[in-house]
Amino acid sequence: MGGSSGAVRAGPETAEGVARPPTGDTRHTAALAPASGRASLDLPTPKDGTACDRFGGRGVDPAIGAGEPSLGLRAHPWRTPAFGPSGERCDDPSGPEAGALGSGAATADDRWCDFVRAHATSTLACDFFTVDTVTLRRLYVFFMVEVGTRFVHVLGVTAHPDGAWAAQQARNLLADLKDQARTFRFLIRDRDTKFTSSFDDVFAGDGIQVLKIPPRSPRANAYAERWVRTARTECTDQLLLFSERHLRTVLDEYVDHYNRHRPHRSLALRAPTEDDSDVIPLPLGRIERRHVLGGLINEYQRAG
């Protein structure tokens with residue numbers, strides 16, 4: 001007993017001293033490495049003769065996987081880099097692909113932002129957004145934003161919008177703008193099927209060029225999308241709407257508040273209209289409060 005407690009069982013070894021796998025269960029034979037003397041299976045070496053560790057392993061032994069090809073997709077140059085066995089980057093963002101992926105895309109975004117800012121006073125932006133009533137009926141709101149002043153026009157509300165309806169709303173808008181329509185040169189819109197060629201022809205007749213944003217790029221029409229969020233947060237999401245007429249009445253009252261009283265940071269906390277009646281000069285006197293939408297929004301003005 002004392003002698004066996006200090007003994008260590010040695011595994012089966014070959015004459016060269018290399019351990020062999022146990023030979024007990026024949027079912028494991030297929031999973032074992034081939035015996036010595038048999039031809040080993042290896043994959044072809046890449047053309048460049050280098051291997052790349054796709055899992056970010058620095059200082060990987062070059063002998064490990066030296067014959068394995070580079071499998072899978074190449075790592076994106078803006079994301080986790082991949083390093084080769086000697087520590088060099090396999091996807092260098094300063095390589096020839098960086099100009100096509102990185103700087104080109106950023107330059108395109110910058111050019112579009114610069115274009116919109118430079119032509120803000122002569123640019124319109126339009127879009128649709130949906131509102132669901134308490135009866136689970138979906139209504140579509142068509143609106144237009146003057147980018148330079150943030151002035152909003154709600155053109156119409158309907159449950160069944162189509163190309164002819166949108167074109168007619170465009171004609172009504174240009175008729176209401178009259179001579180002011182000549183100050184606009186561009187219209188930004190998405191690629192909604194409700195914007196047909198007849199819709200574009202209405203604006204082309206007044207010398208307004210229609211600019212279609214790329215597919216699935218709502219940020220390219222950011223001014224219209226921002227108003228959708230504002231209208232939903234401050235108005236439609238706070239009320240129970242019953243019908244198309246109810247929604248039109250609510251939006252008319254809210255848009256009047258938005259255009260005449262709501263301050264905008266991009267306009268130095270002024271309203272979109274040029275009227276300064278909402279500005280209260282100092283020293284302050286008696287202030288009156290007026291309820292909008294049944295008290296959902298409050299407006300303040302100096303008592304007359």
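Bear in mind that the values in this text are calculations on the coordinates, not laboratory data. None of the values given here were measured: they were computed from a predicted structure. In this analysis, Cβ positions are derived from the backbone assuming ideal geometry, glycine residues included, and neighbour counts consider all displayed protein chains.
One table, with the values for the structure above:
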{"read-out": "Distance between modelled label sites at Arg226 and Arg111, nm, 7 Å Cα→Cβ extension", "value": "2.3"}
{"read-out": "Theoretical gain in end-to-end length, Asp192 to Thr249 [0.36 nm per residue, Cα-Cα removed]", "value": "17.9 nm"}
{"read-out": "Amide proton proximity set for Arg270, modelled H, under 5 Å, gap of 5+", "value": "His264"}
{"read-out": "The range 229-236 - phi-based ³J(HN,Hα) in whole Hz, Karplus 6.51/-1.76/1.60, Gly and Pro as x", "value": "5, 5, 5, 6, 5, 8, 10, 5"}
{"read-out": "In Hz, Karplus ³J(HN,Hα) per residue of the range 240-252 (6.51, -1.76, 1.60; θ = phi - 60°; x = Gly, Pro)", "value": "9, 9, 9, 7, 5, 5, 4, 5, 5, 5, 5, 5, 4"}
{"read-out": "Per-residue ³J(HN,Hα) for the range 134-140, Karplus 6.51 cos²θ - 1.76 cosθ + 1.60, θ = phi - 60°, Hz, x for Gly and Pro", "value": "5, 8, 6, 9, 9, 10, 10"}
